[in-house]
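The structure appears right after this line, and notes come after that.
Read-outs: derived from the displayed coordinates by stated rules, not from any lab. In this text the structure is predicted, and so the values were computed from the model without any measurement. Glycine gets a Cβ as well: all are built from the backbone with ideal geometry, and neighbour counts include every protein chain shown.
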Amino acid sequence: MFGQAQTLLVMVLSFAAFGAGVWGLVDAARYQAGTYVAAGKQSKALWVVLLAVASMVAFISLPFPYGRGGGIISFLGIAAVAVIVLYFATVRPVLRQHEPRRGGPRGGTTGGW
């Protein structure tokens, strides 16, 4: 029973890491390069490449029926999770603060009709 629960936990964590990696990659790609410069967070190209590699490692690390690995708990898998967590914890919040505001209720145009 414990073996099945452990396998399920590793599978859930592996899929969560892969999903977060893809989400981070798409999110990092949507910001303009100038936003990274204004935020002082390296370059857009660096973060897109790091998150693309982390997503690929997370995909390859998926357990057998879905990927080729034994789960995200390998050395490279843990490194991929570290890059993903670093992006979401330190880079993304700063990018959101430096993002130019577009139209809508939080910024942009003022007035009625």
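D for the chain, whole µm²/s, Stokes-Einstein with Kirkwood Rh over alpha-carbon pairs at 25 °C and 0.890 mPa s: what number? Don't skip to the end; give the middle numbers.
On the way: Rh = 15.6 Å.
Stokes-Einstein gives a translational diffusion coefficient of 158 µm²/s.
Residues whose amide H comes within less than 5 Å of that of L62, counting only those at least five positions distant or on another chain, are R68, G69 (H built at 1.01 Å from N in the peptide plane).
In the chain, Cα pairs under 8 Å separated by at least six residues give a relative contact order of 28 percent.
A simple packing score, the average count of other Cβ atoms within 10 Å per residue, orders the peptides 52-62, 9-19 as 52-62, 9-19, with the highest score first.
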